[in-house]
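Student: Dumping the structure here so I can ask a few things about it.
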Amino acid sequence: MIYLNGVHLSIKDVIAVVRNDLQVALDPDQLELVKQSRRQVEKLVRRGDPIYGINTGFGKLADTSISPSNVEKLQRNLILSHSSGVGQSLSLEIVKAMMLLRANALMKGYSGIRAEVIQLLIDMVNRSVIPVVPAQGSVGASGDLVPLAHMSAVLIGEGQAFYNNQVMPGREALMEAGLEPVVLQSKEGLALINGTQNMTAHGVIGIYDAWILMKTADIAGALTMEALQALPNSIDERVHILRPHGGQMVSARNLRRILSGSKLVSSLSNHRVQDAYSLRCIPQVHGASRDVLQFVEKTIETEINSVTDNPIIFSHDGDVISAGNFHGQPVAFALDFLGITLGELGNISERRIERMVNPQLSGLPPFLVLDSGLNSGYMISQYTAAALVSENKILAHPASVDSIPTSANQEDHVSMGAIAARKMLRILTNVRNILSIEILCACQALEFCDRSKLASATSSVYGFIRKQVPPLTEDRCLEPEIRLVHDLIFSEEIVNIVEDCIGKID
């Protein structure tokens, strides 16, 4: 059980909920702060002072006064009018993460929302009532208004939701799960949708999966180094001490450990003085990506446990402050940067693939297959990797450098963080496929090497892959095999094989 208090939620906690169905509860001690905040809102409503989003319109309509009799309708109208997204639906795990993150932010006690509304959100998470949320529509300021409105619509019995593997009206999904919709009161609609939880949910999923890719990239690079009998000089510890970037040192150490005992990666194995950059600079390139991922992780972990509302209710002194914590710029920058750094992992991986399939560079049979000409081998797999790398270069263009004013120029600078988030996950999937191709090519290249000289860790990976993918002796459809290795990377099985052999890698 995870207890939400707005302070201690971690990326691993979120993954445990969205992928392993860990149950969630609200911290009873923290609920007192939530209730204090709600009492402050009710006091302000009774007093009648104009306060944004409580008794005024929204955005450019902030100067429009709303009568006490229409306060509840104002909040309902807010959710309905903002439910205007388009495009494909977000994945269930993204929406589930978004719900959990929003509930955690509300539990900090600065939103003025009733505890029962947060409880309904968590009940939906625990019972897998997952709103249907279109992917497109957020500009990443004033919060992820559109996706969070679609999420919130189900709480009031509107919209659509997934339940029991079916899409159904939101009210019906709640009833099927034994839940009832709420009637939103003052400030509550605004509290639900003012936040960065859509883009942050993407970031949580992306960071968790990116760490798996970082480790997998080192494993794939080690396999390729053996397949091409690379020189070990590039991973010598003395080299990296002289340029002590943290990620670079970690990647070099991983490679040394994975290749420990290898007789294929040896300074005596050939007469080359140095290798191509895609082999020689693995620690520098992979390491730089690691350093960026650490920065992104820190940003997202800060955002997970932050207040991103407007206005913010300070119940201890009675102040209400309208500010800009909903602006997604910190997250937008981080996710753009993550997309760029993941793209580079794929970029250098494709270059290693090319070195294996090109006989002029590898000394191996053309495209890693005998009787080439009749057989094309892994020729076209490299095409696929090249296509994915090229697509990633387009996707890596930062969304966060753009801004289009909204709400009649009241909201005149926005982050476009939701776009950065979606692009980042597409890049991540592409890179997972590129690494899948590299691992397949490296295992095939090792068919032409003395595998008794493999390091124990790489030998374990080779054996694991070969139990499921036989050597390529003549052409066959390779898509199922790429997909298989993709899934093995996603599930961490390839990383686990190496860690079972040499212990945990960083």
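The values are calculated or read from the model by the stated rules, or taken from the named source; none is laboratory data. Being a predicted model, the structure only gives us computed values, none of them experimental. Here Cβ is always computed from backbone atoms with ideal geometry, including for glycine, and neighbour counts include all displayed protein chains. With ligands, DNA and RNA removed, areas are computed over all heavy atoms of the protein, side chains included. Shrake-Rupley method; radii C 1.70, N 1.55, O 1.52, S 1.80 Å.
Student: Find out how many positive minus negative residues lie around Lys35, taking Lys and Arg as positive, Asp and Glu as negative, among other residues whose Cβ is under 12 Å from that of Lys35. Intermediate results must be reported in sequence, preceding the final value.
Tutor: On the way: positive: Arg38, Arg39, Arg114; negative: Asp29, Glu32, Glu42, Glu116.
So the environment of Lys35 carries a net charge of -1.
Student: Same structure, new question: Can you classify the range 1-98 as rounded, prolate or oblate using the Cα gyration tensor, where a ≥ b ≥ c are the square roots of its eigenvalues, rounded means a/c under 1.5, and otherwise it's prolate if a/b beats b/c and oblate if not?
Tutor: Numbers: a/c = 3.43, a/b = 1.48, b/c = 2.32.
In terms of gyration-tensor shape, oblate.
Student: Tell me, what is the FRET efficiency for Arg466 and Asn358 to the nearest 0.05, using R0 = 25 angstrom and their Cβ-Cβ distance as r? The partial results should precede the final answer.
Tutor: Details: r = 24 Å, r/R0 = 0.94.
The calculated FRET efficiency here is 0.60.
Student: Taking the chain as the reference, fit the longest principal axis to its C-alpha atoms, fit the long axis of helix 115-126 to the helix C-alpha atoms, and give the angle between the two in degrees, 0 to 90, nearest 10.
Tutor: 30 degrees
Student: Could you give the accessible area per residue of the range 423-506, probe 1.4 Å, as a whole number in Å²?
Tutor: Numbers: 3410 Å² over 84 residues.
So the range 423-506 comes to 41 Å² accessible per residue, rounded to a whole number.
Student: So what is the relative contact order for the range 373-506, in percent, with contacts set as C-alpha pairs under 8 Å and at least six apart?
Tutor: Numbers: 94 pairs, mean separation 35.1, N = 134.
Contact order relative to length: 26 percent.
Student: Per 0.36 nm of contour for each residue apart, how much would the distance between Val183 and Leu22 grow if the chain were fully extended, relative to their Cα-Cα spacing?
Tutor: Values: separation 161, 0.36 × 161 = 57.96 nm, distance 2.81 nm.
Here the segment from Val183 to Leu22 would lengthen by 55.2 nm.
Student: Suppose R0 equals 51 Å. What FRET efficiency, 1/(1 + (r/R0)^6) with r the Cβ-Cβ distance, do Asn496 and Tyr277 give to the nearest 0.05?
Tutor: Details: r = 30 Å, r/R0 = 0.59.
Result of the calculation: an efficiency of 0.95.
Student: Okay, moving on. Specify which labelled value, from (1) 18, 36, 25, 15, 6, 1; (2) 23, 45, 25, 7, 0; (3) 22, 59, 19, 0, agrees with P(r) over Cα pairs in 20 Å bins from 0, in percent derived from the coordinates of the model shown.
Tutor: Step by step, P(r) over Cα pairs in 20 Å bins from 0, in percent for this structure corresponds to label (2).
Student: At 222 nm, what value in deg cm²/dmol follows for the chain if DSSP H runs of at least 4 each add -39500 (n - 2.57) and the sum is divided by all its residues, to the nearest 500?
Tutor: Working: 20 runs with 281 residues, N = 506.
Calculated from helices alone, the mean residue ellipticity at 222 nm is -18000 deg cm²/dmol.
Student: Turning to a different aspect of this structure: Taking Cα centroids, how far is the range 428-449 from the range 320-361 in Å?
Tutor: If we compute the Cα centre of each part, the gap is 20 Å.
Student: Taking only protein heavy atoms and a 1.4 Å probe, what accessible area per residue, in Å², does the range 183-233 have with all protein chains in place?
Tutor: Details: 610 Å² over 51 residues.
Solvent-accessible surface per residue comes out at 12 Å².
Student: Counting only DSSP beta bridges with both residues in the chain, what percent are antiparallel, rounded to the nearest 5? Can you show the working numbers first?
Tutor: Working: 13 of 17 bridges.
Of those bridges, close to 75 percent are antiparallel.
Student: Given a 1.4 angstrom probe, what's the average accessible area per residue across the range 23-133, in square angstrom?
Tutor: Working: 4700 Å² over 111 residues.
Spelled out: the 1.4 Å probe surface of the range 23-133, per residue, equals 42 Å².
Student: Taking the chain as the reference, fit the longest principal axis to its C-alpha atoms, fit the long axis of helix 493-502 to the helix C-alpha atoms, and give the angle between the two in degrees, 0 to 90, nearest 10.
Tutor: With rounding to tens, the tilt is 60 degrees.
Student: Quick one: pull the percent of accessible area on the chain belonging to carbon and sulfur, 1.4 Å probe, ligands and nucleic acids left out.
Tutor: Values: 10770 of 20530 Å².
Within the chain, the accessible surface is 52 percent carbon and sulfur.
Student: Quick one: compute the contact order of the chain, relative version, from alpha carbon pairs under 8 angstrom and 6+ residues apart, as a percent. Don't skip to the answer; put the middle values down first.
Tutor: Details: 950 pairs, mean separation 85.5, N = 506.
Once normalised by length, the contact order is 17 percent.
Student: At a Förster radius of 41 Å, what calculated FRET efficiency corresponds to the Cβ-Cβ distance of Asp371 and His397, to the nearest 0.05?
Tutor: Working: r = 43 Å, r/R0 = 1.05.
E(calc), rounded to 0.05, equals 0.45.
Student: Give the Rg (one decimal place) followed by the Dmax (whole number) of the range 125-253, computed from C-alpha coordinates and expressed in Å.
Tutor: In Å, with Rg to one decimal and Dmax whole: 23.6, 68.
Student: Setting aside same-chain residues fewer than 8 positions from Lys298, which lysines have a Cα under 17 Å from its Cα?
Tutor: Lys12
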